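Everything on this sheet refers to the single structure shown next.
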Amino acid sequence: MNDVYKFPFYAKLAFVLVSLISIFFVFYIAQGIIVPLLVAVLFAILLRPIMLFLKSKLRFPHILAVIVSVLLFVVFIIGIITFLSWQISDFVSDWDKIQSNIKIHIANLQTYVRDHFNISNKEQEEYINSATSDSLKSGKQMIGSTLMSFTDTLFNLALVPIYMFLFLLYRTHFIKFLCKLFKPQYHEKLQDILGNVKLAVKSYLVGLTIQLISVATLTSIGLWIVGVKYAILLGVITGILNLIPYVGIMFAYVISIFASLTGSPDLSLVIGVLIVNAVVQFIDNNILVPIVVSSKVEINALVSIVGIIIGGSLAGVAGMFLAIPLLAILKVIFDRIDGLDPWGYLVGDDLPKTYEWNHIRLPLYNYENSTDTINVINKDEASATIFTETTTSPENKNE
């Protein structure tokens, strides 16, 4: 006789916490192995349509189609790196001009502080030296750790195309492995989960690519209008760094300000660069992200920010990049497994995004128009609530 044991809530909570701690600990310890594998899986999903096109339309053998797809990806990445290297070499040649312009701005700032706060230049230099004396030691340590991290990143990036090739080559093999893990009655649900995971990841990466191109184009045009010398280089760098949520755009600001000093010591050029970046970020955050990126992956902002912070603390920049697609995958799984669908709803976002006014769609962030309703039967049975289905749940649930 098979006895079914039901654990109390505190025991279930303890199991969940121990499992989460174990998962995060393993991910942190083995991030050098796990992160390249996850990145390779994401880009392999993105390259799958190209591989299928080569097989079905051009009649390529499977292995040849995989090789050509990965080579196209590698050539594209090498092309971007070559362009950036070529532009950066020209940028470095203007470093002396940048230093002289920085000295002019520092001298003007010291004059302003001396005239308005009665602090002499010598006292200002003493304050600066005392403030930066301790930071020089930490700066050297930071540079050393950054170089080590950069070396590890280059090594991991070299492994990503190899992993992508193997994932595309053995794609059917891995799917059959997953089928063998579950009983036949669950294969239909497994197929639904895999299909929706593929769709969510591919849509998110395509939206991210569109966002990158849009931000790079808008920034390049804006900086060219302002009169910055390396407008295209800075636009491409801003688009790439914008893929790193929250942190990347700050680095893009600093690089753009430094690059503006190659042309003129005039402060108005720096202000123009700041205005261009602010306008582009406004367009990105209010138009591109809600329409192009967030519409592909329905994850609420709170969970996104927490996931990005956790990903950054576990695996640095790569973890921040992987946070959103991993949350999208978890949401798909939660929505389609009985007992976990409340967590899928928690991760998701059913907040109405727009409303129509005079045939114009405008942003709307108001839960009064949410699709969820809670009907309390009576005061004595307040715990008995009825939830209507929302867009965050699978389409095949119509209970």
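The values are calculated or read from the model by the stated rules, or taken from the named source; none is laboratory data. None of these values were measured; they are calculated from a predicted model. Note: ideal-geometry Cβ built from the backbone for every residue, glycine included; neighbour counts use all protein chains shown. Side chains included, ligands, DNA and RNA excluded: accessible areas come from the protein's heavy atoms. Shrake-Rupley method; radii C 1.70, N 1.55, O 1.52, S 1.80 Å.
A few points about this structure:
- Condition check for F76: in a loop (DSSP other than H, G, I, E, B) and open to solvent by 50 Å² or more (accessible area, probe 1.4 Å): no
- Cβ-Cβ under 6 Å pairs, at least 6 apart or on other chains, the stretch 113-133 side at pLDDT 75 or above, far side of a type in the set (V, I, T) and not in a helix (DSSP H, G or I): V113/I119
- The residue list F60, F43 contains one member that is assigned to a loop (DSSP other than H, G, I, E, B) and either of a type in the set (S, T, Y) or touching a helix residue (DSSP H, G or I) at 6+ places or on another chain (Cβ under 8 Å) (or both), which is F60.
- The set of residues in the stretch 205-225 being closer than 25 Å to L267 by Cα, aliphatic (A, V, I, L, M) and surrounded by fewer than 18 Cβ atoms within 10 Å (Cβ to Cβ) consists of I221, I225.
- One residue from F117, F76, F27 being within 26 Å of the chain's Cα centre (by Cα), among the aromatic types (F, W, Y) and farther than 29 Å from L340 by Cβ: F76
- Number of the exception - K97 against (1) modelled with pLDDT of 75 or more; (2) open to solvent by 80 Å² or more (accessible area, probe 1.4 Å): (1)
- Criterion (at pLDDT 75 or above, more than 29 Å from I240 (Cα to Cα) and surrounded by 12 or more Cβ atoms within 10 Å (Cβ to Cβ)) met by exactly one of Q87, Q110: Q110
- Summed over the stretch 164-210, the residues that are over 23 Å from F334 (Cβ atoms) and among the polar types (S, T, N, Q) give a count of 2.
- Residue ID - nearest to the chain's Cα centre (by Cα), chosen from residues in the stretch 5-14 that are assigned to a helix (DSSP H, G or I) and at pLDDT below 85: L13
- Meets criteria (part of a helix (DSSP H, G or I), open to solvent by less than 70 Å² (accessible area, probe 1.4 Å) and touching a helix residue (DSSP H, G or I) at 6+ places or on another chain (Cβ under 9 Å)) for I162: no
- For the stretch 241-260, the set of residues classified as touching a residue at least 40 places away in the same chain (Cβ under 8 Å) and open to solvent by 50 Å² or more (accessible area, probe 1.4 Å) consists of Y246, V247, F258, listed by residue number.
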